[in-house]
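Worksheet: one structure, shown below.
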Amino acid sequence: MSNDSFDPRFDPAFQPGFEAAPVTPKKTRSSNPAKAALESARVEAEVAPVGDAEAEAVSRAKPNPFLVALSAISVALIAGGLGTSQWIRSLFLQDDIRLDLDFFSLDTLKIAAPLAVALGIAIGAGVLFVYAIRWNKNNS
């Protein structure tokens, strides 16, 4: 089919017999030449090719500050819990077991240290789960 059989009211790409015919830009109906020039410049700017630096800046997303904070909290809880467990163990391994801490404080630390490690691992698994979901969405 020739280009003459296309209906000018509709986009040629959606008409029968379209064979990548060049599409002419729509003419503005404005009688204001300044407005028409501004609109054509805006359309050209939207269609302009993107440079490598701009494309890289667009594709590189900023990390979520909440996930970064949760990751830091997870590491701090794991490290703090393990450090506290080692410190309590060293208190009991001394030859002279005169504890500077009272029984309640020592018992609380013995319970809190493993809980801190478990909570840190759980938070780390949650952050990993969020990243796994996002990776799946980006690659599909």
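Just so it is clear, none of the values below were taken in a lab; they were calculated from the coordinates. Being a predicted model, the structure only gives us computed values, none of them experimental. Every residue, glycine as well, gets a Cβ built from its backbone with ideal geometry; the counts of neighbours run over all protein chains shown.
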Distance between modelled label sites at Asp96 and Ala125, nm, 7 Å Cα→Cβ extension: 4.5
Distance in nm between pseudo-label sites at Ser71 and Leu106 (7 Å out along the Cβ direction from Cα): 4.0
FRET efficiency estimate (nearest 0.05) - Cβ-Cβ, Asn32 to Asp7, R0 22 angstrom: 0.15
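Let me have the relative contact order for the range 63-139, percent, based on Cα pairs under 8 Å that are six or more residues apart.
That works out to 50 percent.
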Under the Karplus curve 6.51 cos²θ - 1.76 cosθ + 1.60, θ = phi - 60°, whole-Hz ³J(HN,Hα) for the range 71-84, x wherever Gly or Pro sits: 5, 5, 5, 4, 5, 5, 5, 5, 5, x, x, 5, x, 5
Three principal axis lengths of the range 63-139 [C-alpha, angstrom, descending]: 60, 18, 16
